[in-house]
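Heads up, the thing below is written out as C-alpha cells.
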Amino acid sequence: MLRLAQFVAVVVSAGFSFGGVIGIIYSPDPPARKAVAFALLAVLLALHLRNCVRRTDGRRPRWWPWTLAVQAVLTAAGLVWFANTWYGNTGFLAAAVLLLVRRPWARWTAFSLVLVAQFLSAQTVRSTLSEVLYLVVGQAAFVGVALYGVVRLYDLIVDLRSTQAGLAAAVVARERLTFAEELNARVGGGLERLVGALRRPDLTRDELETSLTTARTALTEVRSVSHAHRESTPARALAGDLTTRVVTVLVVATVLLMIVPHEVRHLLQIRPSGLQLAVFVVALVCFVALYLLACLSDGRHRLWTLAALVALTYAPSLVLGFKLWYVATLLPGAVVVLLRGRARWIGAAAVFAGDTFFHLMLSGLADNALDVAYGIVYLTERAIIVYALWRMARLTAGLREARAELARVEVARERLRFARDLHDLLGYGLSVVVLKAELAFRLLDRDPVAAQRQLSDGLDAARQVLADLGSVAEGRTEISLAEEAASARAVLEAADVEVSWSVSPVPLPRDVDAALATVLREGVTNVIRHSAALHCTLEITVDDRQVRLRLTNDGVAATAPGHEPGSGVGNLTQRLAALDGRLRTGRGPDSFELVAEVPLQPALVGGDADRVDPVPGVQLHDR
C-alpha cells in the first residue's frame with residue numbers, strides 16, 4: 001500500500017502537469033517562448049517529485065530548503081511570464097510548502113502566500129473576480145490540497161505503523177499503574193501495619209493473633225487480585241488519537257475543492273433563474289454529501305449511495321441543462337469506491353467510456369485528438385484521486401483498529417503476567433509470613449526466644465513482600481535459583497520439615513534460572529500450604545542437554561474426586577513452555593512429586609567467562 005501511495009502521487013502529479021502542457025500548446029505564444037515554458041514545467045515537475053513524493057522512510061529529501069526555494073523562484077517566474085496558462089502549476093508549490101514545512105503557522109502562511117501570488121497573477125489575465133477566484137481556489141488550492149492529501153495519507157500510514165508498539169506500551173504502562181494502585185489499596189496497607197506490629201519487641205499474644213489475621217487477609221487479597229486480573233476485561237482506549245480526524249479533514253477538503261469551485265463557476269457564468277438556482281443548490285449539496293459518504297463510510301448502503309449519485313448526476317440536468325449541471329466526470333471515481341470485485345472495474349470502464357464520449361460530443365471536441373487525450377487524463381486523474389483517498393482512508397482505519405487490537409493483546413498479556421507474578425511471587429512471600437507468624441504464635445508461651453526469632457524472620461519476609469509489590473506492578477521480577485534454594489531449605493526446616501537436597505552449583509542462563517526459581521518457590525509454597533510434610537527432597541541436576549529440578553514431599557492427603565489443580569501449575573507450565581521446557585507432577589499414596597525440565601544448549605551451560613550472553617542457535621564455527 002505504501003508503494004501504491006507513491007505511485008498515485010506520481011500519476012496525479014503527472015496528470016496535473018498534463019493540464020499545463022495543454023495550456024502551453026493552446027497559448028498564442030511563439031514557439032521559442034513555448035519551448036521555455038515546456039522546459040520550465042518539466043523542471044518544476046521534477047522538483048515537485050523530488051520534494052514531495054515520499055521515500056519509504058518518510059524523511060524529507062536532502063537539501064530540501066534549497067530545492068523548495070528554487071521551486072518557488074521558478075513558479076514565480078512562470079506566473080510572470082505565462083500568467084494565462086500557469087495557474088494550475090502553482091498548486092505544486094502549494095503542496096510542497098504543506099509537505100515540507102513542519103511548523104503549522106509557517107506552513108499555512110506559506111500556503112496562503114502562494115494563493116495570494118496566484119490571485120495577483122490571475123487578475124492580469126481574467127476579467128471577472130469569479131474567474132480569478134476560480135483559478136485560485138479551483139486550480140491552485142485544489143491541486144495543492146489534493147497532492148498534499150495523497151502524500152500526507154501515505155505519511156499517516158507510516159506513522160500509524162511506527163507507533164503501534166508505542167501505543168501498546170502506553171496502554172500497558174497505564175495498566176501497570178492501575179495494578180500498583182490496587183495492590184497498594186488492598187495489600188500494601190495491611191502489610192505496612194503488619195511490619196509495624198512485628199517490629200515491636202513487646203508484642204502480646206493478642207497483638208500477634210491480630211498480626212496473623214492481617215497476614216492471612218493479605219494473602220487472600222493477593223489471590224483475589226490475581227484471579228480478578230486473569231479476566232479479559234476490555235482495555236480503556238487512549239484519548240487524543242487525531243489520525244482519523246486528520247484523514248477526514250483531508251478527504252473533505254479535497255472533495256469540496258474538486259467539486260464546488262467548478263460547478264459554482266458554471267453557475268456564475270450562466271446566471272440562472274430562481275428555480276434553477278434553487279435546484280442547483282439542493283443538487284450540489286446532496287451530491288457533495290453523498291460523495292463524501294462514498295469516500296468516508298464503511299461500505300454500508302453503498303449500492304443505494306451509488307444509485308442516488310447516478311440519479312443526481314443526470315436528473316438535475318433536465319431542469320438546469322448540461323452547461324450548468326455536469327458532474328458526470330466525477331461518477332467513475334464514485335463507481336470505483338462503491339462497487340466491489342470485478343463489477344468495480346467493469347462499471348468504472350463503462351461509465352468512463354460513456355462519459356468521455358458524451359462530454360466530447362457535447363463540447364464539440366471529439367475531432368481533436370489532443371482534447372480527447374486531455375479528457376481521458378482529466379477523468380482518470382479525478383478517479384485516481386478519489387480511489388486513493390478512499391483506499392488510504394480505509395487502510396488508515398484498518399491500521400487504527402489493528403493498533404487498538406495490538407494494545408488489547410498487550411494488555412491481556414500484561415494482565416496474565418501480573419496475575420502469574422502475583423500468585424508465584426507475592427503468594428509465596430505471604431505464605432512465609434503466615435507460616436512464621438503461626439510458628440511464633442505457638443512458641444510464644446513456651447519459648448519466647450524462639451518465637452522472637454520466628455517473628456524476626458516473618459518481619460524480613462513481610463518487608464520483602466512490600467518491596468516485591470512495586471516490582472510485580474512494574475514487571476521487574478528477577479529471582480535467583482540459588483537464593484530460592486537456600487530460602488526454601490530455611491523455610492521448610494522452620495516448618496519442621498526434614499530437607500534432603502542435591503543442587504548442582506552451575507550458572508544457568510538468566511531466563512532458565514528465573515523460571516526454575518519460580519517453580520521451586522511455588523512448589524515449596526504448596527508443600528507448606530497443602531501438605532503435612534515431614535520430609536522433602538530437592539534435586540537440581542544439569543548436564544549438556546537440560547537442567548532438571550525435582551521436588552518431592554510426603555504428608556499428602558488424598559484428593560477429592562473431580563478436584564481441579566490451582567492456577568500455580570498452569571502458571572509454571574506456561575513459563576516453562578516459553579523455554580521449550582515441560583512440567584510434570586505425580587502423586588503417590590502419601591507423596592507428591594514436581595519435576596521441571598528445560599533444554600539447554602551446550603554453549604549456555606556454565607555461562608560465559610566474559611559475562612556476555614550467548615546468542616541462541618549460534619555456534620563457534622558459524623561464519
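The values are calculated or read from the model by the stated rules, or taken from the named source; none is laboratory data. Quick caveat: nothing in here was measured; it's all calculated off a predicted structure. Here the Cβ is made from the backbone with ideal geometry for all residues, glycine too, and neighbour counts use every protein chain on show. For the accessible areas, the whole protein counts, side chains as well, though only heavy atoms, and no ligand, DNA or RNA atoms are used. Shrake-Rupley method; radii C 1.70, N 1.55, O 1.52, S 1.80 Å.
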Rounded to the nearest whole Å², what accessible area per residue is found for the stretch 255-366 with the 1.4 Å probe? 51
Rank these by accessible area, largest first, 1.4 Å probe: Y326, Y26. Y26, Y326
How far apart, in nanometres, would the label points at A349 and T124 be if each is projected 7 angstrom from Cα along the Cα-to-Cβ direction? 4.7
Could you list the residues of the stretch 491-525 with an amide nitrogen less than 17 Å from a label point located 7 Å from the Cα of A578 in the Cα-to-C-beta direction? 509-522
How do 542-554, 131-143 rank on mean C-beta neighbours within 10 Å, highest first? 131-143, 542-554
For the stretch 6-136, the accessible surface attributable to carbon and sulfur atoms (probe 1.4 angstrom, ligands and nucleic acids excluded) amounts in percent to 72
What nm distance separates the two modelled labels at V70 and Q546, each placed 7 Å from Cα along Cα→Cβ? 6.8
Relative to the present Cα-Cα distance, how much length would full extension add between S317 and R50 at 0.36 nm per residue of separation? 91.8 nm
Heavy atoms of the protein only, probe of 1.4 Å, neighbouring chains included. What is the accessible area of F592 in Å², nearest 10? 60
With DNA, RNA and ligands ignored, accessible area of H301 (1.4 Å probe; Å², nearest 10): 140
Taking only protein heavy atoms and a 1.4 Å probe, what accessible area per residue, in Å², does the stretch 8-161 have with all protein chains in place? 43
Between L370 and A77, Cβ-based FRET efficiency (R0 25 Å, step 0.05) works out to 0.45
Taking a crude spin-label model, label points 7 Å out from Cα along the C-beta direction, the D29 to R102 distance in nm is 3.7
Accessible area of the stretch 240-314 with a 1.4 Å probe: how many percent of it is carbon plus sulfur? 71
Modelled FRET efficiency - R0 60 Å, R453 with R245, Cβ distances, 0.05 increments: 0.35
